[in-house]
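Working notes, structure below.
The values are calculated or read from the model by the stated rules, or taken from the named source; none is laboratory data. Bear in mind that the values here come from a model prediction, so they are computed numbers and not experimental data. Heads up, the Cβs are rebuilt from the backbone with ideal geometry, glycines too, and the neighbour counts pull from every protein chain shown. Side chains included, ligands, DNA and RNA excluded: accessible areas come from the protein's heavy atoms. Shrake-Rupley method; radii C 1.70, N 1.55, O 1.52, S 1.80 Å.
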Amino acid sequence: MKIVDAKVFVCSPGRNFVTLKITTEDGITGLGDATLNGRELSVVSYLEDHLIPCLIGRDARNIEDIWQYFYRGAYWRRGPVTMTAIGAIDTALWDIKAKALGVPLYQLLGGASRQGVMVYGHASGADLDEAVANVRDYAAKGYRAIRVQSGIPGLDSTYGVGRGKYFYEPADRALPPENIWSTRKYLNFAPKLFEAVREAVGEDVHLLHDVHHRLTPIEAARLGRDLEPFNLFWLEDAVQCELQAGFEIIRQHTTTPLAVGEVFNSIYDCQELLSKQLIDYIRMTVSHGGGITQLRKIAALADVYHVRTGCHGATDMSPVCIAACLHFGMWVPNFGVQEFMLHSEETREIFGAQYTFSDGYVHPGDSPGLGVEFDESSVEKHPYVPAYLPVNRKEDGTMWNW
Ligand code: EZ4
Ligand code: CO
């Protein structure tokens, strides 16, 4: 089953998406998401200039060999651009294999381990009252797990807080805007937010919170401890994660479960976190985590150490990546939760995806492959636009994390 064609499409129906489509000699096509938010065109070039010329003519059935060929063969290993490009090829090849066998992808991975994939939605507000109201709204919609973010008193803008009710964090179509951050204001406010949210929605719903790498380990330890009464499902990206040993400090002080990894791209980015049991959920996703082939190895390693999955799935991952995560989540034994947001209507028109939400769970559908139909003809109506998420500075102007 020779690969005869591979094309990269860039479109911007609200957000920029990079989509790879591979075609085999028997006319089977597969899709992969190659979107790397804010650095989109670097993956386009990596695929078009370097990988696709080596991909044409290979046997599409040999998914593992093709993964190893691009990973080991490059000399330059790892990194977000490389691994997103490999991930897109890998996802497209799994899509092709499942279509060739006439089964939904989760059947190929090992079958359904559950009835549906529990997802979490994003509730946010400009202030505490609006955030609480939005959490109530998500709970009323049937979400069993809800991420809560809120504007912080005394700070003008905080990343992660929505503009528009369900479509939070549209990237700005310009150079990156700058937000101002105060750890003190944030640490004083966060426990009040979760106290109010728990009071509003009760004990049953899972609550999650994302810190976007903005604390030091000892600050994160304090936050985790202060949030213990509100029983979080997870505290995400509490500190920057280049220093994996930093998590030992947080762990010594709090039982709040920890999640990290949406910016990881290699199994070696989480090897120490997993083997030392420093986290509870691994956030790597199909598109940035080297595809299904690497993610299933990471999940297997995580399972040994009681760590569960929680794939990144914000709106800068296209429906192709979300579908792949949902198939993965149907099967993976140590599933935790899947991040899930509504894409814009234009995005849903271009990427006809089969997945459906019901009662807090999403099912990927039973069409062969990923269950995503990509409408190439609409791509040129939505050309690429340079767009960036904000950068973050402390009150005195010092560059900080996001
Ligand atoms: O900021 O996807 O958990 N979700 C997140 C996302 C990320 C964006 C960055 O590209 O942190 O909102
Ligand atoms: Co996050």
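A few points about this structure:
- Exceedance of the 29 Å cut-off in Cα-Cα distance is limited, within the set LYS297/LYS381; LYS21/LYS297; LYS99/LYS297, to LYS297/LYS381.
- Element breakdown for the chain at a 1.4 angstrom probe: carbon and sulfur atoms account for 50% of the accessible area.
- The chain - Cys residues lacking any other Cys C-beta under 4.7 Å: CYS11, CYS54, CYS241, CYS270, CYS321
- Extension gain for GLN252 to ASN188 (0.36 nm times residue separation, less C-alpha to C-alpha distance): 20.9 nm.
- For segment 293-334: Kirkwood Rh in Å [reciprocal of mean 1/r, alpha carbons]: 10.8 Å
- Residues with amide H under 5 Å from that of THR285, placed H, sequence gap 5 or more: HIS312
- Each residue of segment 205-211 was assigned a 3J(HN,Hα) from its phi angle through the Karplus curve 6.51 cos²θ - 1.76 cosθ + 1.60 (θ = phi - 60°); the sequence is 6, 6, 10, 10, 8, 10, 9 Hz, with glycine and proline shown as x.
- Packing-based order for 106-113, 13-20, using average beta carbon neighbours within 10 Å, highest first: 13-20, 106-113
- The Cα trace of segment 3-104 gives Rg and Dmax of 13.0, 36 Å, the first to one decimal, the second as a whole number.
- In the context of the full set of protein chains, segment 3-104 has a per residue accessible area of 39 Å² (1.4 Å probe).
- Highest to lowest packing among 261-267, 2-8, scored as the average C-beta count within 10 Å: 261-267, 2-8
- For VAL362, the residues 5 or more places off, or on other chains, whose built amide H falls under 5 Å of its own are VAL117, MET118, VAL119.
- LEU175/ALA126 FRET efficiency (R0 25 Å; Cβ-Cβ; nearest 0.05): 0.60
- Size of electric dipole in segment 108-368: Cβ of Lys, Arg +1 and of Asp, Glu -1, about Cα centre, debye, nearest 20: 400 debye
- 3J(HN,Hα) couplings calculated from phi for segment 284-299 with the Karplus curve 6.51 cos²θ - 1.76 cosθ + 1.60 (θ = phi - 60°) are, in sequence order, 4, 10, 4, 6, 8, x, x, x, 4, 4, 7, 5, 6, 6, 4, 5 Hz; Gly and Pro show x.
- The string of couplings for segment 4-16 from the Karplus curve (6.51, -1.76, 1.60, θ = phi - 60°) is 10, 7, 8, 10, 10, 10, 10, 9, 9, x, x, 10, 7 Hz, one whole number per residue in order, with x for Gly and Pro.
- Net length available on complete extension from SER358 to GLN115 is 86.4 nm, with 0.36 nm assigned per residue and the Cα-Cα distance removed.
- The alpha-carbon of LYS192 sits under 24 angstrom from the alpha-carbons of these lysines, leaving out residues fewer than 8 places away in its chain: LYS165, LYS394.
- Our Cα-only numbers for the chain put the radius of gyration and Dmax at 20.4, 61 Å.
- Peptides 219-225, 97-103 ordered by average Cβ neighbours within 10 Å, highest first: 219-225, 97-103
- Added length on full extension, which subtracts the Cα-Cα distance from 0.36 nm per residue, SER45 to LYS141: 30.4 nm
- Counting every pair of alpha carbons in segment 241-317, the share spaced more than 22 Å apart comes to 17 percent.
- Sequence-distant residues sharing a close amide H with GLY369 (under 5 Å, placed H): LYS99, VAL103, LEU105
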